[in-house]
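J.: Here it is: the structure, laid out below.
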Amino acid sequence: CYKFGPEGGKPEKLEIPDAEKELADELHNELVEKAAENDEELLELFFEKGTLNEDEMRQGIKAGMLNHELFPVFCVSAINDMGTGRLMGFIDNVAPAAADLKPEQSVEGNEIKPTIDAPTSLFVFKTLHIQNLGQITYFKVKSGEIKVNDRLTNSRTGDVEIINQLFIMDGKKREPVSKLTVGDIGATLKLKNTETNDSLYAGKEKITIKPIQYPDARITKAVGAVDKAEEEKLFDALKKIHSMDPTVVLTYSKESKQQLLGCQGELHLSTIKWRLQNIYGVEPEFKKRKINYRETIQRSASSSYRHKKQSGGAGQFGEVHMKIEPFYEGMPEPQGFNLRGKEEIELPWGGKLVFYNCIVGGVIDTRYLPSVMKGILEVMESGPLTGSYCRDVRVMVHDGKMHAVDSNDISFKIAGAHAFKEAFLNAAPKLLEPTNKLTVKVPEDMVGNVMTDLQSRRSIIQGIDSNDHYQILKCITPEAELFGFSTELRSLTQGKATFNSEFNSYELVPQHVQKGLVKQEE
């Protein structure tokens, strides 16, 4: 039992309180057993003596770490200098060294031997951008050795990087060194094109170390600068933050025309905001991101539209008659039409447009049909209900008129667009919303409140599994209902629950929700 003073530093060693002694003995015995299980000789000693001494414990814990069976956890506060000495002592005296490690496999399938005579390879695990200094690249030497002025190849880009300086980092202090060997952690400055998760290697044989798998973003916000003149400054800063913290994800949504920032939760977002304000001197603005809805139809409808424009000389003329229907895979071909041609288009945003040429008697020249389809696709890119993408519609163009002089491509494009829009609005148009597969890990005694919150978000509970003292809730939740879920979950469970989500499918929006969304767009 250790007691730290307010200033931290070296702790006072105390006897374990009587009230905690039984639990401490129980946990100690459990650790002894786990240490013994990872080494046959230690297991025999344990059966003989019923315990292990300190040296034997170190040996067993080290073996357990090498076998990925034991994962020591320390309580440490670096700011208050509490526990750091014990942690460093453990790393020095117990934790495996590079020479103890088994060779790991590169992405190319070759062994990376943790020896000094193996080909040099290193893994970049962290990047920092320091004002007036530039980029600091932190790395671990996985094999061989690295010296100042060595030339290494980046396995991702193929670029050659020259290591002009080498340092061992001690907080903000940099201690220059001439070389580092396998197992060492070091840093260098101003590499040209190397990022976190990159591998650098020497020699002709490519070595790519398996990258860190970062968690997917749990919340996504639209981001911009309060002062629009500082947009470029903001995005330059965000790119630097992403290079230092790959869990900060930047994307641009062409559909919603928003710059999106994904991160691990509201606390993470607050940290990003602080850094933008205090380190980069730019005021960010975070908003709800727009949900990417889709529009479709539920029944068939017919329409016609004549586009006519006369302004002296050649005018514009095109008339189109069409019928539209909901499309689904495996449906039979349309009945009652003379099917002369069919084009099935996979839409970039998902779903299909199936276009049929059903023209009889040449009332519309076939050279104008691509323009009719182009007009339809333009409407589908900005749907009649909310301006969202349309999907899963089939169109039969079966009649129309043209003029020997005035008809042209633009006339039939306009006629096709207007006819399609009219038919779409008469075909019971319906909004589709993206839904996510949501997995929530909750302490057993807190499940009720979380279930109530999920149901209020229109979630469909699909299953509940048990894991130790936790319940794993699996459900399908509309993406629009996940705004604020991270904060609410932390509040309901005192931060003890976790969740992840991934895209599931597009589903019909309830009628009352659709009315509200359509009204917003009016």
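J.: Is segment 395-404 home to any residue that is closer than 26 Å to Tyr293 by Cβ and among the small types (Gly, Ala, Ser)?
T.: No: zero hits.
J.: Hey, can you tell me all the residues within segment 51-70 that are within 13 Å of Val94 (Cβ to Cβ) and part of a loop (DSSP other than H, G, I, E, B)?
T.: Filtering segment 51-70 down to residues within 13 Å of Val94 (Cβ to Cβ) leaves 54-66, 70.
Leu70 - this is the single residue of segment 51-70 that is within 13 Å of Val94 (Cβ to Cβ) and part of a loop (DSSP other than H, G, I, E, B).
J.: Follow-up. Assess whether Phe46 counts as being of a type in the set (Phe, Trp, Tyr), outside the structural domain of Val182 (by TED's automatic domain parsing) and surrounded by 13 or more Cβ atoms within 10 Å (Cβ to Cβ).
T.: Values: of a type in the set (Phe, Trp, Tyr): yes; outside the structural domain of Val182 (by TED's automatic domain parsing): yes; surrounded by 13 or more Cβ atoms within 10 Å (Cβ to Cβ): yes.
It is true that Phe46 is of a type in the set (Phe, Trp, Tyr), outside the structural domain of Val182 (by TED's automatic domain parsing) and surrounded by 13 or more Cβ atoms within 10 Å (Cβ to Cβ).
J.: Collect the residues in segment 196-235 that are charged (D, E, K, R), loosely packed, with under 12 Cβ neighbours inside 10 Å and without any contact (Cβ under 8 Å) to a residue 40 or more places away in the chain, keeping them in residue-number order.
T.: The answer is Lys204, Lys228, Glu232.
J.: May I pose another question? Kindly indicate which of Lys113, Lys126, Lys142, Lys147 is outside the structural domain of Met65 (by TED's automatic domain parsing), of a type in the set (D, E, K, R) and within 21 Å of Thr247 (Cα to Cα). Spell out the reasoning first.
T.: Numbers: Lys113 fails: within 21 Å of Thr247 (Cα to Cα); Lys142 fails: within 21 Å of Thr247 (Cα to Cα); Lys147 fails: within 21 Å of Thr247 (Cα to Cα).
Residue meeting the stated conditions: Lys126.
J.: Is there a residue in segment 31-50 that is touching a residue at least 40 places away in the same chain (Cβ under 8 Å), part of a loop (DSSP other than H, G, I, E, B) and touching a Gly at 6+ places or on another chain (Cβ under 7 Å)? Step through it out loud before you land on a result.
T.: Of all residues in segment 31-50, those touching a residue at least 40 places away in the same chain (Cβ under 8 Å) come to none.
The answer is no; no qualifying residue exists.
J.: Grab the strands (runs of 3 or more DSSP E) fully contained in segment 381-478, keeping just those with 3 or more residues being at negative phi and surrounded by fewer than 21 Cβ atoms within 10 Å (Cβ to Cβ). Spell out how you get there, then give the answer.
T.: On the way: elements: 393-401, 429-443, 460-467, 470-478.
Filter on segment 381-478 gives 429-443, 460-467, 470-478.
J.: Show the residue pairs meeting these rules: Cβ distance below 8 Å; 6+ apart or different chains; first residue within segment 245-260 and in a strand (DSSP E or B); second residue surrounded by fewer than 15 Cβ atoms within 10 Å (Cβ to Cβ) and aliphatic (A, V, I, L, M).
T.: That search, which allows pairs on different chains as well, returns Gln259/Leu250; Leu260/Leu250.
J.: When only residues in segment 304-321 that are in a strand (DSSP E or B) and out of contact with any Ser or Thr (no Cβ under 6 Å at 6 or more places or on another chain) count, which is nearest to Ala427 (Cα to Cα)?
T.: Out of the qualifying residues, it is Ser304.
J.: Continuing with the same structure: Any residue in segment 162-175 that is without any contact (Cβ under 8 Å) to a residue 24 or more places away in the chain and surrounded by 12 or more Cβ atoms within 10 Å (Cβ to Cβ) sitting within a Cβ distance under 8 Å of a residue that is of a type outside the set (S, T, N, Q) and part of a loop (DSSP other than H, G, I, E, B)? List the pairs, counting only those 6 or more apart or interchain.
T.: That search, which allows pairs on different chains as well, returns Ile162/Asp150; Leu166/Val148; Leu166/Val177; Phe167/Val177; Ile168/Val177; Ile168/Asp184.
J.: Regarding segment 479-497, can at least one residue be identified that is assigned to a strand (DSSP E or B) and touching a helix residue (DSSP H, G or I) at 6+ places or on another chain (Cβ under 7 Å)?
T.: We begin by selecting, within segment 479-497, every residue assigned to a strand (DSSP E or B); these are none.
There is no residue in segment 479-497 that is assigned to a strand (DSSP E or B) and touching a helix residue (DSSP H, G or I) at 6+ places or on another chain (Cβ under 7 Å).
J.: On to the next question. Could you check segment 259-310 and list, in sequence order, the residues that are surrounded by 16 or more Cβ atoms within 10 Å (Cβ to Cβ), small (Gly, Ala, Ser) and more than 30 Å from Ile364 (Cα to Cα)?
T.: Correct list: Gly262, Gly265.
J.: Quick check on segment 365-376. Is at least one of its residues under 27 Å from Lys308 (Cα atoms), surrounded by fewer than 18 Cβ atoms within 10 Å (Cβ to Cβ), out of contact with any helix residue (DSSP H, G or I) (no Cβ under 6 Å at 6 or more places or on another chain) and among the basic types (Lys, Arg)? Spell out how you get there, then give the answer.
T.: Pass one, segment 365-376, residues under 27 Å from Lys308 (Cα atoms): 365-376.
Within this subset, residues satisfying the condition of being surrounded by fewer than 18 Cβ atoms within 10 Å (Cβ to Cβ) are 365-367, 370, 374.
Keeping just the survivors that are out of contact with any helix residue (DSSP H, G or I) (no Cβ under 6 Å at 6 or more places or on another chain) gives 365-367, 370.
Checking the rest, the ones that are also among the basic types (Lys, Arg) come to 367.
Looking for residues that are under 27 Å from Lys308 (Cα atoms), surrounded by fewer than 18 Cβ atoms within 10 Å (Cβ to Cβ), out of contact with any helix residue (DSSP H, G or I) (no Cβ under 6 Å at 6 or more places or on another chain) and among the basic types (Lys, Arg), one finds at least one in segment 365-376, hence yes.
J.: With (1) at pLDDT 90 or above; (2) buried (at least 18 other Cβ atoms within 10 Å of the Cβ) as the list, and Pro72 as the residue in question, which single condition is left unmet?
T.: Every condition holds for Pro72 apart from (2).
J.: Shifting gears a bit: Which condition from (1) over 39 Å from the mean Cα position of the chain (by Cα); (2) within 28 Å of Ser459 (Cα to Cα) is the one that Lys430 breaks?
T.: It is condition (1) that Lys430 fails.
J.: Return the total of residues in segment 262-303 being free of Cβ contacts under 8 Å to residues at least 12 places away in the same chain and either part of a strand (DSSP E or B) or among the hydroxyl-bearing types (Ser, Thr, Tyr) (or both).
T.: 2
J.: Name the single residue, out of those in segment 148-161 being surrounded by 13 or more Cβ atoms within 10 Å (Cβ to Cβ) and over 34 Å from the mean Cα position of the chain (by Cα), that is farthest from Asp92 (Cα to Cα). Reasoning before the result, please.
T.: If we filter segment 148-161 for residues that are surrounded by 13 or more Cβ atoms within 10 Å (Cβ to Cβ), which is where we start, we get 148, 150, 152-157, 159, 161.
In the following step, the residues that additionally are over 34 Å from the mean Cα position of the chain (by Cα) were identified as 148, 150.
Working: Val148: 26, Asp150: 29 Å.
Step by step, filter segment 148-161, then rank; the result is Asp150.
J.: Moving to a separate point now. Report, by residue number, each residue of segment 120-145 that is assigned to a loop (DSSP other than H, G, I, E, B) and surrounded by 16 or more Cβ atoms within 10 Å (Cβ to Cβ). Full working, then the answer.
T.: Our first condition is that a residue be assigned to a loop (DSSP other than H, G, I, E, B); within segment 120-145, this holds for 120, 131-133, 144.
If the condition is that a residue be assigned to a loop (DSSP other than H, G, I, E, B) and surrounded by 16 or more Cβ atoms within 10 Å (Cβ to Cβ), then Thr120, Gly144 are the ones that fit.
The values are calculated or read from the model by the stated rules, or taken from the named source; none is laboratory data. Remember, predicted model here, so these are calculated numbers, not experimental data. Here Cβ is always computed from backbone atoms with ideal geometry, including for glycine, and neighbour counts include all displayed protein chains.
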